[in-house]
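The structure that follows is given in the form of structure tokens.
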Amino acid sequence: MMRNHALRASLSEEMHVRRLPRLSAPCRLMQIITLTGEGGGEASRAHMDALAQGSRAIVPVAAKYGVIAVDGFTLVWERHTEFVSHTLIREGHYDAPFDEALFEPLLSRILADLPGDVIRATQIAFAPRDRPEPSAEERDRWFSSEATVVCDVASGAARIMSDFRLHDDGYGRLLVLDRDLALDEPAQLLMRLQELGNYRNMALLGLPLAQRLTPRVSELEARLAELTGAVSERTSQDDELLDELTFLSAELARIVAETRYRMSATRAYAQLSTDRLASLQIGLVRGHQTLADFTERRLTPAVRTCDSFSARLEDLSQRAAWTSELLRTRIDTALAKQNTVLLASMDRRTEVQLRLQQTVEGLSVVAISYYLVALLAYVIGAVPGLSYKVAMAAVVPLVLTIVALSLMRVQRKLHE
């Protein structure tokens with residue numbers, strides 16, 4: 001008996017998803033990639049479940065992957081983090097390599113109520129070894145003559161041709177010529193070619209976002225430079241500067257939140273594209289650009305633009321934080337000086353109050369003694385045979401001493 005981890009089965013299945021079933025030339029494929037977002041996969045799963053009704057399940061449709069046989073086609077469904085792919089496979093000879101009518105009526109059923117927006121759609125013609133290489137006239141008819149990519153892949157076991165453009169029918173076109181592929185190699189090759197194109201397109205999604213927000217970032221950068229200069233000037237208003245810096249930092253935070261996921265995804269997809277490109281083992285065909293040339297010529301600058309945009313945002317956010325910290329330090333210093341002046345003023349007032357209190361206390365001793373002496377005068381005057389003047393002269397210092405000592409004792413108790 002084994003106590004299995006809760007994820008053991010799903011992790012094992014994960015290693016078997018995202019693959020094409022074994023196929024051989026000649027055959028035709030069509031792949032449609034739709035952007036569904038992070039939460040749109042369930043709608044695509046429901047759409048696939050509807051297509052699977054009444055069909056034969058080769059691999060039952062699960063959360064991320066499924067393969068069904070329907071209407072003479074093999075339909076492969078894959079769910080990724082933010083996009084979904086539908087791959088139609090029809091084996092057998094064909095007359096026209098890029099005629100979408102060959103995939104009807106299933107194609108219309110797939111496109112009906114298809115969740116998400118199509119980001120890439122490609123027709124693939126997989127030609128057998130006995131088919132001669134297309135002539136220049138055929139290539140010019142199928143592809144754009146000034147942008148055709150022709151190169152060997154899989155160490156010369158196959159050759160591909162494409163212009164990687166959208167044609168009038170709304171699909172891209174890829175021709176794969178079998179030279180020496182065997183067993184699982186055709187399916188693996190086609191999967192890698194499609195993954196390269198799919199990840200490349202997904203990586204390029206970050207470029208328009210970076211281009212759209214770059215002018216705004218430049219404005220914030222220039223404004224931050226002005227605010228940083230104003231911080232160094234003694235005549236600037238600190239409260240106004242702090243308000244503007246707070247607004248600028250909030251705007252930067254909004255742009256970072258808006259772009260962080262897309263820029264991070266661009267880097268991840270670009271790395272996947274690079275990995276797939278390396279695994280294709282591309283060989284040069286003289287007179288034509290290779291798939292590596294085509295991919296690196298545009299993908300690398302786009303990814304570097306996105307990286308530069310992310311680096312600018314990070315640097316700008318750090319500089320804004322530094323400027324805000326400097327301004328707050330200056331404000332704190334000014335407040336500390338004001339507090340010092342205020343405390344000194346309070347000390348002077350306290351000293352004046354203490355002196356005034358001491359003066360009042362001295363006067364209170366005199367006043368109390370005066371009233372006590374006046375009261376004693378009535379008593380002394382009523383005593384017969386007592387010299388009034390002598391008695392009064394003796395009583396006055398005695399009363400003053402007693403009153404002063406009494407007040408001092410009271411003050412000492414209060415301080416304790």
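Pairs, please: C-beta under 6 Å, at least 6 apart or cross-chain, first residue of a type in the set (Gly, Ala, Ser) and at pLDDT below 80 and in segment 223-241, second surrounded by fewer than 18 Cβ atoms within 10 Å (Cβ to Cβ) and not in a helix (DSSP H, G or I)?
The qualifying pairs are Ala230/Ser236.
Among the residues of segment 290-333, which ones are surrounded by 15 or more Cβ atoms within 10 Å (Cβ to Cβ), under 30 Å from Gly197 (Cα atoms) and more than 27 Å from the chain's Cα centre (by Cα)?
Thr290, Leu291, Ala292, Phe294
If you go through segment 40-51 one residue at a time, do you hit one that is in a loop (DSSP other than H, G, I, E, B) and either surrounded by fewer than 14 Cβ atoms within 10 Å (Cβ to Cβ) or on the phi > 0 side of the Ramachandran plot (or both)? Please lay out each step first, then the result.
Here is the first cut: in segment 40-51, the residues in a loop (DSSP other than H, G, I, E, B) are 40.
Add one more test, that the residue is either surrounded by fewer than 14 Cβ atoms within 10 Å (Cβ to Cβ) or on the phi > 0 side of the Ramachandran plot (or both), and what stays is none.
Within segment 40-51, not a single residue is in a loop (DSSP other than H, G, I, E, B) and either surrounded by fewer than 14 Cβ atoms within 10 Å (Cβ to Cβ) or on the phi > 0 side of the Ramachandran plot (or both).
If you don't mind, another one. Mind checking which pairs have a first residue in segment 251-273 that is closer than 12 Å to Ala203 by Cα and a second that is surrounded by fewer than 15 Cβ atoms within 10 Å (Cβ to Cβ) and among the polar types (S, T, N, Q), Cβ under 9 Å, 6 or more apart or different chains?
Between residues of segment 251-273 that are closer than 12 Å to Ala203 by Cα and residues that are surrounded by fewer than 15 Cβ atoms within 10 Å (Cβ to Cβ) and among the polar types (S, T, N, Q), the close pairs are Ala265/Thr81; Ala270/Thr300.
Can you report the number of residues in segment 254-289 which are in a helix (DSSP H, G or I) and open to solvent by less than 60 Å² (accessible area, probe 1.4 Å)? Lay out the reasoning, then the answer.
Quick first cut of segment 254-289, residues in a helix (DSSP H, G or I) only: 254-279.
With open to solvent by less than 60 Å² (accessible area, probe 1.4 Å) added as a condition, the list becomes 255-256, 259, 262-266, 268-270, 272-273, 276-277, 279.
Matching residues across segment 254-289 total 16.
Across segment 220-278, what is the number of residues that are aromatic (Phe, Trp, Tyr), closer than 17 Å to Arg312 by Cα and in contact with a Phe, Trp or Tyr (Cβ under 8 Å, 6 or more places away or on another chain)? Outline the logic, then answer.
Applying the first criterion (aromatic (Phe, Trp, Tyr)) to segment 220-278 yields 247, 261, 269.
Subset that is closer than 17 Å to Arg312 by Cα: 261.
Subset that is in contact with a Phe, Trp or Tyr (Cβ under 8 Å, 6 or more places away or on another chain): none.
The number of residues fulfilling the criteria is 0.
Within segment 365-372, identify whether any single residue is over 30 Å from Val231 (Cβ atoms), of a type in the set (Gly, Ala, Ser) and exposed (fewer than 10 other Cβ atoms within 10 Å of the Cβ), and answer yes or no.
Our first condition is that a residue be over 30 Å from Val231 (Cβ atoms); within segment 365-372, this holds for 365-372.
Add one more test, that the residue is of a type in the set (Gly, Ala, Ser), and what stays is 367, 369.
Keeping just the survivors that are exposed (fewer than 10 other Cβ atoms within 10 Å of the Cβ) gives none.
Within segment 365-372, none of the residues are over 30 Å from Val231 (Cβ atoms), of a type in the set (Gly, Ala, Ser) and exposed (fewer than 10 other Cβ atoms within 10 Å of the Cβ).
Also: Applying the selection to segment 122-148, what residues are buried (at least 21 other Cβ atoms within 10 Å of the Cβ) and aliphatic (A, V, I, L, M)?
Ile124, Ala125, Ala127
Identify, from the list Val360, Val399, Val390, Val379, the residue that is open to solvent by less than 70 Å² (accessible area, probe 1.4 Å), of a type in the set (Val, Ile, Thr) and farther than 30 Å from Ala230 by Cβ. Spell out the reasoning first.
On the way: Val360 fails: open to solvent by less than 70 Å² (accessible area, probe 1.4 Å); Val390 fails: open to solvent by less than 70 Å² (accessible area, probe 1.4 Å); Val379 fails: open to solvent by less than 70 Å² (accessible area, probe 1.4 Å).
Just one listed residue meets the conditions, Val399.
Please determine whether any residue of segment 68-89 is farther than 30 Å from Ala158 by Cα and part of a helix (DSSP H, G or I).
Here is the first cut: in segment 68-89, the ones farther than 30 Å from Ala158 by Cα are 81-82.
Pick out the ones that are also part of a helix (DSSP H, G or I) and you get none.
No: zero hits.
Out of Leu177, Leu181, I need the residue that is part of a loop (DSSP other than H, G, I, E, B), in contact (Cβ under 8 Å) with a residue 24 or more places away in the chain, open to solvent by less than 20 Å² (accessible area, probe 1.4 Å) and at negative phi. Which one?
Details: Leu177 fails: part of a loop (DSSP other than H, G, I, E, B).
Leu181 is the lone residue from the list that is part of a loop (DSSP other than H, G, I, E, B), in contact (Cβ under 8 Å) with a residue 24 or more places away in the chain, open to solvent by less than 20 Å² (accessible area, probe 1.4 Å) and at negative phi.
What's the total number of residues in segment 95-127 that are assigned to a loop (DSSP other than H, G, I, E, B) and under 15 Å from Trp142 (Cα atoms)? Quick ask: steps written out before the conclusion?
Within segment 95-127, the subset assigned to a loop (DSSP other than H, G, I, E, B) is 95-99, 104-105, 112-116.
Right, trim to under 15 Å from Trp142 (Cα atoms) and you get 95-99.
Qualifying residue count, segment 95-127: 5.
Still on this structure: So the check is Cβ under 9 Å with 6+ separation or different chains; which pairs have a first residue in segment 328-341 that's within 15 Å of Leu242 (Cα to Cα) and of a type in the set (A, V, I, L, M) and a second one that's modelled with pLDDT under 75 and in a helix (DSSP H, G or I)?
Note: pairs meeting the criteria are Ile331/Asp238; Ile331/Asp239; Ala334/Asp238.
Could you count how many residues in segment 133-150 are farther than 25 Å from Ile119 by Cα and in contact (Cβ under 8 Å) with a residue 40 or more places away in the chain?
2
In segment 384-410, how many are more than 19 Å from Leu363 (Cβ to Cβ) and in a helix (DSSP H, G or I)?
Of all residues in segment 384-410, those more than 19 Å from Leu363 (Cβ to Cβ) come to 384-395, 398.
Among the residues that remain, those that are also in a helix (DSSP H, G or I) are: 388-395, 398.
Total meeting the criteria: 9.
Got a number for residues in segment 335-356 being open to solvent by less than 100 Å² (accessible area, probe 1.4 Å) and of a type in the set (S, T, N, Q)?
4
Checking Leu342 against (1) on the phi > 0 side of the Ramachandran plot; (2) at pLDDT 80 or above, which test does it fail?
Of (1) on the phi > 0 side of the Ramachandran plot; (2) at pLDDT 80 or above, only one is false for Leu342: (1).
Of (1) in contact (Cβ under 8 Å) with a residue 60 or more places away in the chain; (2) open to solvent by 50 Å² or more (accessible area, probe 1.4 Å); (3) part of a loop (DSSP other than H, G, I, E, B), Asp168 satisfies all except one. Which?
(1)
Scanning for something in a helix (DSSP H, G or I), exposed (fewer than 12 other Cβ atoms within 10 Å of the Cβ) and at pLDDT 85 or above, does segment 7-26 turn up at least one residue? Step through it out loud before you land on a result.
Here is the first cut: in segment 7-26, the ones in a helix (DSSP H, G or I) are 8-14.
From the residues that got through so far, the ones that are exposed (fewer than 12 other Cβ atoms within 10 Å of the Cβ) too are 8-9, 11-12.
Subsequent filtering for residues that are at pLDDT 85 or above retains none.
No, the conditions are met nowhere in segment 7-26.
Output the residues belonging to segment 73-106 that are more than 19 Å from Ala63 (Cα to Cα), small (Gly, Ala, Ser) and in contact (Cβ under 8 Å) with a residue 40 or more places away in the chain.
Gly92
Checking the conditions here, which among Thr74, Thr87 is hydroxyl-bearing (Ser, Thr, Tyr), under 37 Å from the mean Cα position of the chain (by Cα) and modelled with pLDDT of 80 or more?
Numbers: Thr74 fails: under 37 Å from the mean Cα position of the chain (by Cα).
Answer to the check: Thr87.
The values are calculated or read from the model by the stated rules, or taken from the named source; none is laboratory data. Predicted, not measured: the structure shown is a model, and the values here were computed from it. Cβ coordinates were reconstructed from backbone atoms using ideal geometry, including for glycine residues, and neighbour counts include every protein chain displayed. Protein only, heavy atoms only, side chains kept; ligands, DNA and RNA dropped before computing areas. Shrake-Rupley method; radii C 1.70, N 1.55, O 1.52, S 1.80 Å.
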